[in-house]
1. Which residue, A:Asn295, A:Ser228, A:Leu253, has the largest displacement toward the positive end of the dipole of the stretch A:209-297 when charges sit on each Cβ (Lys, Arg +1; Asp, Glu -1)?
2. Treat every Asp and Glu Cβ in the stretch C:62-163 as -1 and every Lys and Arg Cβ as +1, leave all other atoms uncharged, and give the resulting dipole magnitude about the Cα centre to the nearest 20 debye.
3. Cut-off under 20 Å on the C-alpha distance; same-chain residues fewer than 8 positions from A:Lys41 excluded. Which aspartates and glutamates are left, in chain and number order?
4. Rounded to a whole number, what % of the accessible area of the stretch B:525-735 do carbon and sulfur atoms account for, probe 1.4 Å?
5. Considering only protein heavy atoms and a 1.4 Å probe, what is the carbon-and-sulfur percentage of the accessible area of the stretch A:16-287?
6. Could you tell me which of the pairs A:Lys214/A:Lys268; A:Lys214/A:Lys271; A:Lys395/B:Lys710; A:Lys395/B:Lys655 are separated by over 29 angstrom between their Cα atoms in the structure shown?
7. With a 1.4 Å probe on protein heavy atoms only, work out how much accessible surface C and A bury together, total over both chains, in Å² to the nearest 100.
8. Tell me the angle of helix A:2-15 to the major Cα principal axis of chain A, expressed in degrees between 0 and 90 and rounded to the nearest ten.
Amino acid sequence: MRSLLLFFALLWVTAVSAISTTGDRLLVVLDDVADKATYSKFLGDLESRGFKLSYETPKSESLSLFRLGERAYDHVILFPSRAKGLGPNLTPNVLLQFINANGNILLTLSSASSTPSSVISLLAEIDIQLPADRTGLVVDHFNYDAASAADKHDVLLLPPPSSIRADIKDFFGVGAGANEVLAFPRGVGATLGSGELLTPIVRAPATAYSYNPKEQAEVLDDVFAAGSQLALAAAFQARNSARFALVGSAEMLSDTWFDAEVKTVGGKAAKTYNREFAKRVSGWAFQEIGVLRVNWIEHHLNEVGATNESNPGIYRIKNDVTYTISLSEYSWSTWSAFSVPANDALQLEFSMLSPFHRLPLVLDPAHSNPEAAAYTASFKLPDQHGIFNFKVNYKRPFFTNLEEKNTVSVRHMAHDEWPRSYVISGAWPWIAGIFATVTGWLAFCALWMYSAPTDKKKVIKKTQ
Amino acid sequence: MSAEPLQALANVGKGESTRTLLRVVILFLIAGAAVASRLFSVIRFESIIHEFDPWFNFRATKYLVANGFYSFWDWFDDRTWHPLGRVTGGTLYPGLMVTSGAIYHALRALTIPVDIRNICVLLAPAFSGLTAYATYLLTNEMTPSPSAGLLAAVFMGIAPGYISRSVAGSYDNEAISIFLLVFTFYLWIKALKLGSMLWGALCALFYGYMVASWGGYAFITCLLPLHSFVLICMGRYSTRLYVAYTTWYALGTLASMQIPFVGFLPVKTSEHMPALGIFGFLQLLAFLDYVRSAIPGRQFQTFLWLFAGGTFGIGLAGLVIATSAGVIAPWGGRFYSLWDTSYAKIHIPIIASVSEHQPTAWPAFFFDLNMLIWLFPAGVYLCFQQLADEHVFIVVYALFGSYFAGVMVRLMLTLTPVVCVAAAIAVSNVFDAYLIVKSPSTEDRQVEDVSEAVAKKAKSGLKSTSKPVVGVYSLISKGAVVSAMTVYLLLFVLHCTWVTSNAYSSPSVVLASKLADGSQHIIDDYREAYQWLRQNTKDDAKIMSWWDYGYQIGGMADRPTLVDNNTWNNTHIATVGKAMSSKEEVSYPIMRQHEVDYVLVVFGGLLGYSGDDINKFLWMVRIAEGIWPEEVNERAFFTPRGEYRVDAEASQVMKDSLMYKMSYYNYNNLFPPGQAQDRVRGARLPEVGPTLDVLDEAFTSENWIIRIYKVKDLDNVGRDHAAASAFERGLKKKKVMKKRGPRVLRVD
Amino acid sequence: MAPKHRNNRDVTPSAATSTASPSVSGTAPGATTSAVPVAKPIKAPAAATASSKQDWNSVVTNLINHYQDATPQRTKLIDAFMAFLVVAGALQFLYCVLAGNYPFNAFLSGFSATVGQFVLCASLRIQTTEANKSDFPAVSPERAFADFVVCSLILHFFCVNFIN
């Protein structure tokens, strides 16, 4: 059973040896295909990572995310468009369908043009809000690039992103050098709803705020959002693990800002981190990092003298069982053993309606190898029959959602699995009682038959 | 009907062997008639398992045949009561399945390959033939008249009260239990009459079989002690009674405890305590009787009686104390409802909701027993006149059975045998008096008077034995009475046939209706829907429906269900009731938690099929209210004026309930705008039908009787279902940001 | 029989007064008789309200006389067995009360084996008693014994099956 699973897992690995785990067809949507020169480094990086890029404009007749009901592309990059809508081929419905069909989207915004309404409604569906009137600009009077935006303060210089919580693995800022900053030129900030599917990647500094340069140039009365509520880049992972990344400034992906020299407010010169950041954001969005895979799941009876068959459909109450799950993590073209981040735990639930057990899964070196880590837990089944699930529910920001459910029945004790009476010392007196009754009865019968003739004589005598 | 030629023929062939031969032939004909009249359902429809419970029995039998007895015994059924499962092997009465399994294997051994389904379908008719024979035996114990037994057998064979539960396809516990009931009674009478341990042991063994077959065994458990008690109170204690009763009780109780489902109940529940009490009481009596026989002395005797009475009282008090202290389980709810018919309605809606637990309507007695019901008192009266031990039994049984038949519809079944016996005694008495061709001469009369007088002196028995013999002299009166009786009997046969073919032969899985031209039209929505489930859903797709359909889904669609007709877990049923009667937002988490994949509802509005879920809906509400009184409120489902309506006037809670929405979803589209009509409740539905956010319509059968909905998964991008389906319908989120109130800040 | 008879007569009155078990020992028939007197003293105090003590003593004596005289040997054998069963049953019940009824099925089958056997013996005794002959026209003593054996076998089968 296990080897079979491994075989299929390996087969799968060879089938998708491409750069991304979900495919390499990447669609780049630009207002004008000629604009791709602006992002040549970024797109070149993608191409060099193995993606097959296609370019379309929103208005193009031939643009279609689906072909014959199947996804025509695996990933989409949407660059800002000056149009009010994105046309009939990129309606919010289509984009949502694309996500539901496991397609990944990288969306970029720009403050230079108002955001298309189609994008606004899509974002509204996944609980991301953009500034009113589809226009906004993030400025920060304390963290700007003194070299290029000394007046307008609209090129923000940010420290490389770090993980927002201790238990979340840092995917986006790990490659940053000591003297590198993230430049965020003329971008749009968004606010995120509090859903668990959304995670900010880059949050604005405390002193940043967003305003509408067209209407609020003079007076700023109603701030859309400020400080860390303003997400400059955000990640959204749907339940089916399709990914959607939002980058507030398309410009930060342009060649101009890749490896550019900037000057902080303090006057210090620094290099931009943008190129590495762009690689990492696109890599995350297009399933190159943070992808988890369940290689196999196995559970078996863990009792002495029992045939420990793999994955039986039925157990008995109070059996000892062992559950093992093998996990791999994909990181830039290789699968490696997944190790649970420090401060976090992988847990197994054994549940019927509600969990009866919630146990930590520990690394099982015997079944692990560099490509796959096995986590295991052994426990005694509860004293309750029913249909139970072995459930691993591991949903962490930026990691593929893991929700593995293996259903088993837990039956009651069969009639011959109870301890026999003679095993229970308490029953001995009663066994002796029965034994005494039976022997007494036998003796009685023997005596009775032995005494029969005399008795008969007596009877005859009496009657006479 | 058969008595008349019998008598005539018996007069012709006076030899004993001829009579026996005739009797055997007649009994075989009776058995044939009993079987034949039960085959209407097979002829009208097909060889199919009926109704609800039989589907489970059928499924269990198939499991037994496929997996053998031991795995049947230990069967843990993970396809019902999801996710609790059911310890089926330990919670059913295995007698029925084991019987048909044994028959199946026996036929196999005889190289007769028969489909197990056909055995199951035909088991009830086959046993009805045996029941007729058992009734014959029982009646023969009651009266010396040779015709009474045969008449009783005929009555039993075709009485609708018994046919209602034993037509072909009605593969239920009652199918074999009634035979066992009657036969156990016969053995009991036999044991009592002979005072034989062997008959007592046989009685106990058949009692054990009965316990293995039907929960109604408690009827025997209570009736035999009652009979004994009445006999003792009448001063008819005898050593025969002691032998018969104690042998039966000692062996029968042990036998009943071998059934896993019964287990320790015989020593733990109140239902079984009378039997135990009488058992102890008899020991005392026997001992005292022995002492009394040893020592004469009047004051001693009176003391002994006092002593016995005192012990009985102490025993009773002890029982009461033990019950209140919880050592002995109090009476089960079903038994309370036997004493107080409104008890169940108030306290246990789940029991009250079953139609066969309703009190019997008076016409039902006539419908099920026809003329037997007025012959019955006459027969009981005749028993009173003779009043030997066995006649006391008939009297006690008649009283006991009549009461229970009046309380619960389905206990009509236990009344039927005694009605048949009593009526047969009455009819045979009439025939014995009027079917003698020879008129009694005066000499005869004198001779009889003399013999009567002698008997009187010798016996000095009850008054009734000294009645003068009255002869019938006129042939005209004889002819009139006999022909009237014959006409009655023929009418009875007509009635029985009519009732059987019209009322009791419908499988209820398949419905029949008459078309305008009089031809029969079969409505097969149930099987259509179950077949759809079987072919289009995952093998382990969980189906949520009201419990009525649980067994059928398990049997026909072979899919796991949440609740079924084995209503062992009230909370689980209430959970389903709550899911059905709540708003979608409340129901959805319940369905998710129970891993429901499909929801099945029965809707009769299009066809006018009144047994649908909307009509049962109030029971769901009541049962749910019993567990969650603060979340489900029955009153809220009525209009302010207290009406139960489904049209535009219906209360908002009603309209929001999942059941309502599932029933009427898309129903409007069948009709021109504003014309939607519910034919069961005769209501015009509101113009705009309900919307469903958490369910997708998956299947609707031809006549809309069964509607199946698929439970949606959680929304992929984390919206709630209402928002998601609003988006699907093209309603964009309207400026969520502009909503009033403070914005919710994200914290992380 | 005669001398023993006399002995017993002397012993039993003291047994009734002391309520201790009479120290009748020795041969089997002697032990048999103790079955009835043992039961008596329990009843005797309750009777004190109805009549005087002496009356009861004579009643008890009468009873024993009657038993000694009118009981055939086979019946005494049954009585001995029944007494044994009573003791066995009482011991089992006592153990249940003292030590708890943990394997309840074991207790039930052990106890009901003795009870069942007891009532079967009683039935046999009734059926084989001459005086009851008229009650049982269909049951000869041989038939009664055969019935008894069959019923006992059924009983033992159930008990052994139930004790598991």
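The values are calculated or read from the model by the stated rules, or taken from the named source; none is laboratory data. These numbers were taken from a predicted model, which means no experiment stands behind them. Positions of Cβ are generated from backbone atoms using ideal geometry, with glycine treated the same way; all protein chains shown enter the neighbour counts. Remember, those area values only see protein heavy atoms, side chains included, never the ligands or the DNA or RNA. Shrake-Rupley method; radii C 1.70, N 1.55, O 1.52, S 1.80 Å.
1. The one lying farthest along the dipole's positive direction is A:Asn295.
2. Numbers: 5 positive and 6 negative charges, 21 e Å.
Result for the stretch C:62-163 is approximately 100 debye, rounded to the nearest 20.
3. Straight-line reach from A:Lys41, under 20 Å: A:Asp24, A:Asp31, A:Asp32, A:Glu56, A:Glu180, A:Glu251, A:Asp255, A:Asp259, A:Glu261, A:Glu276, A:Glu288.
4. The value for the stretch B:525-735 is 47 percent carbon and sulfur by accessible area.
5. Values: 5100 of 10270 Å².
That fraction is 50 percent.
6. Numbers: A:Lys214/A:Lys268 32 Å; A:Lys214/A:Lys271 31 Å; A:Lys395/B:Lys710 26 Å; A:Lys395/B:Lys655 37 Å.
Cα-Cα > 29 Å for A:Lys214/A:Lys268; A:Lys214/A:Lys271; A:Lys395/B:Lys655; rest within.
7. On the way: alone 10780 and 23080 Å², together 30980 Å².
When C and A are taken together, about 2900 Å² of accessible area is lost.
8. For A:2-15 against chain A, the angle is about 20 degrees.
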